[in-house]
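Everything on this sheet refers to the single structure shown next.
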Amino acid sequence: MLRYNEAEAIAKDIGALACRSKIEEIVDGICKEGYDNIFFIGVGGTLAYAWTMENIVKPASSIKIYVEHAADFNTLGNKNFGKNSIVIVESASGDTKEVVESVEKCHKVGAKVIGIIDKLGTPLAGSVDYLINSTGGGLYKWYAIMLRFMFNNGEFPAYDLFWSQMSNMPAALVEVVKKADEPAAEFAKKYCDEPFQYLIGAGNTWGVAYSYAMCLMEEMLWMKTKSITAGDWFHGCLEVCDRDTSVIVFCGEDGARVETDRVLAFAPRITRKLTVFDTADYELPVNKEFRGLVSPMVMWAVCNRLTAHLEDELKHPSEIRRYYRQLKY
C-alpha cells in the first residue's frame, strides 16, 4: 500500500504495549501515595489525545481530571492545580516549547509529571518525573495510564480482560488500514481540491477530528479546514453549509454515537458532499463492550490512509513546512 510499512506499524504498537508493566508500576505507586487530581497538558495532537482520554474517563470515573492547553496553562494557570496534582504530557519530539515550560511550572509547585516521550536525550525526556519511552503507538500508552488509574479507583473491573484482548489489536489495525485504503483513496480523488472542509466528531472521536483537521490537513497538507463537535455543528456551522460544502464525519461507537447519528440524519439534506468514516465498519478482536473504548485507535488507522492518498493527490509530502519550526515565533 501507498506509504505504509506493515511490519513497522506492528512493531511500534507492540513496543507501546510492552510499556504497560512499567506504566502499572508508576500508576500503582502514585495511587499508593495519593493524589488530588490529574491534569492533561498539551498542544495540538497531544491535546487531542488528552481530549480522547477525558471523554473516556469523564462518563465512567469520579477521578477529577482537567485538560489544559499548555499555552493557557502557562499564562493563566488553574486554581485546582497544586503539589498533589498528577500531570500527564506527551511529545514525539521531546522539545515542544510550551510543554517544556509547563513542566517547569509544575515542578515549581512540586507536582509530579508523567511523560510519554518518543525521543530520549531531549528536554522533556530529561525533566519528567516518570518517563514512558517508545516510538509511536501513543494511544496504547494513554489507555494504560488512565485505565490503571480507574482500575485502582474501583471503576474498571474489566481491566485484565481488556488488556488480554488488546494484544490482538496491532494485527487487527493492519486489517483496518487495508480495508480503509479504497474509501480513503476515493475521498482524496474527489475532495483534495476543496476550498474548505468541515471535520465532525463526538465523544472520544472528537480528538481525532480536531487533530486530523489541524495537525494533518492544515499543518502538513495545507488544506483549509474547521473541526467541530457534532453538537456544535448545529449551532452556527450548518447555516454556512450548502450543497457544495465538504463535510466529513468521524463516527465512533461510544456513548456519543447518537450525536454523530444526528448529523448523519440531517447533513444529506443540505450537502451533496458528505463523507462518513465509521469504526463500526471494521471487525475487531475485542468484546462489544470495548468497541466504543477503542474507537479512536480505529479512526486513526483510517486516517493513516487518508493522509497517504491526500499526499499523493496533492503531490505534497506531509514533511514539508512553511512556518512551523522554520521561523521564530
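The values are calculated or read from the model by the stated rules, or taken from the named source; none is laboratory data. All figures in this text were calculated on a predicted structure; none of them were measured in a lab. No Cβ is skipped: glycine too gets one built from the backbone with ideal geometry, and neighbour counts run over all protein chains shown. Areas reflect the complete protein model, heavy atoms only, side chains present, ligands, DNA and RNA absent. Shrake-Rupley method; radii C 1.70, N 1.55, O 1.52, S 1.80 Å.
Can you send over the solvent-accessible area of Val240, 1.4 Å probe, protein chains only, in Å² to the nearest 10?
About 100 Å², ignoring ligands and nucleic acids.
Restricting to lysine pairs 8 or more places apart or on different chains, what number in the stretch 183-323 have Cα atoms under 21 Å apart?
So the count of such lysine pairs works out to 11.
By how many degrees, between 0 and 90 and to the nearest 10, does the Cα long axis of helix 20-33 differ from the longest principal axis of the chain?
50 degrees
With angles folded into 0 to 90 degrees, how steeply does helix 295-314 sit against the dominant principal axis of the chain? Use alpha carbons for both and round to 10.
Here the helix axis deviates by roughly 50 degrees.
Quick check on the stretch 112-153: take the gyration tensor over C-alpha atoms, sort the square-rooted eigenvalues as a ≥ b ≥ c, and tell me if it's rounded (a/c under 1.5), prolate or oblate. Intermediate values should be presented prior to the final figure.
Working: a/c = 4.37, a/b = 1.59, b/c = 2.74.
Oblate.
Quick one: which residues, 5 or more positions from Glu90 or on another chain, have an amide H under 5 Å from its amide H? H modelled 1.01 Å from N in the peptide plane, none for Pro or chain starts.
Distant-sequence amide H within range of Glu90: Ile116.
Work out the FRET efficiency for Tyr191 and Lys315 from their Cβ-Cβ distance, taking R0 = 22 Å, and round it to the nearest 0.05.
Working from the Cβ atoms, E equals 0.90.
Starting from the Cα-Cα distance between Glu239 and Asn80, subtract it from 0.36 nm times their residue separation and give me the gain in nm to one decimal.
This chain segment gains 53.5 nm when fully extended.
Take the alpha carbon gyration tensor of the stretch 1-147, find the square roots of its eigenvalues, order them as a ≥ b ≥ c, and report rounded if a/c is under 1.5; if not, report prolate when a/b exceeds b/c, else oblate.
Working: a/c = 1.64, a/b = 1.41, b/c = 1.16.
Note, shape of the stretch 1-147 comes out prolate.
May I ask which residue of Leu310, Phe277, Leu216 lies farthest towards the positive end of the charge dipole of the chain, with charges of +1 (Lys, Arg) and -1 (Asp, Glu) on Cβ and the Cα centre as origin?
The one lying farthest along the dipole's positive direction is Leu216.
Just in the stretch 191-265: which trypsin sites (Lys or Arg not before Pro) are loop by DSSP and have at most 16 other Cβ atoms within 10 Å?
In loop regions of the stretch 191-265 (DSSP not H, G, I, E or B), the sparsely surrounded trypsin sites (Lys or Arg not before Pro) are Lys224, Arg243.
Would you compute, from DSSP H runs of 4+ residues alone, the mean residue ellipticity of the chain at 222 nm, taking -39500 (n - 2.57) per run and dividing by the full residue count, rounded to the nearest 500? Please list the in-between numbers first.
On the way: 14 runs with 155 residues, N = 329.
The per-residue figure over the chain is -14500 deg cm²/dmol.
Please work out the average accessible area per residue across the stretch 127-210, using the 1.4 Å probe convention, and give it in Å².
35 Å²
What size of dipole, in debye to the nearest 20, comes out for the chain about its Cα centre when the only charges are +1 on Lys and Arg C-beta atoms and -1 on Asp and Glu C-beta atoms? Numbers along the way, then the final one.
Working: 36 positive and 44 negative charges, 105 e Å.
Magnitude of the dipole: close to 500 debye.
Which net charge results for the neighbourhood of Ile26, defined as the other residues with beta-carbon distances under 13 angstrom from its beta-carbon, given Lys and Arg at +1 and Asp and Glu at -1?
Charge balance near Ile26 sits at +1.
If you line up the long axis of helix 6-17 against the longest principal axis of the chain, both from Cα atoms, how many degrees apart are they, to the nearest 10?
30 degrees
Using a 1.4 Å probe, how large is the accessible area of Asp254, given in Å² and rounded to the nearest 10?
30 Å²
For the stretch 126-201, what % of the accessible area comes from carbon and sulfur atoms, probe 1.4 Å?
52 percent
Label points 7 Å out from Cα along the Cβ direction at Leu120 and Lys97: separation in nm?
2.9 nm
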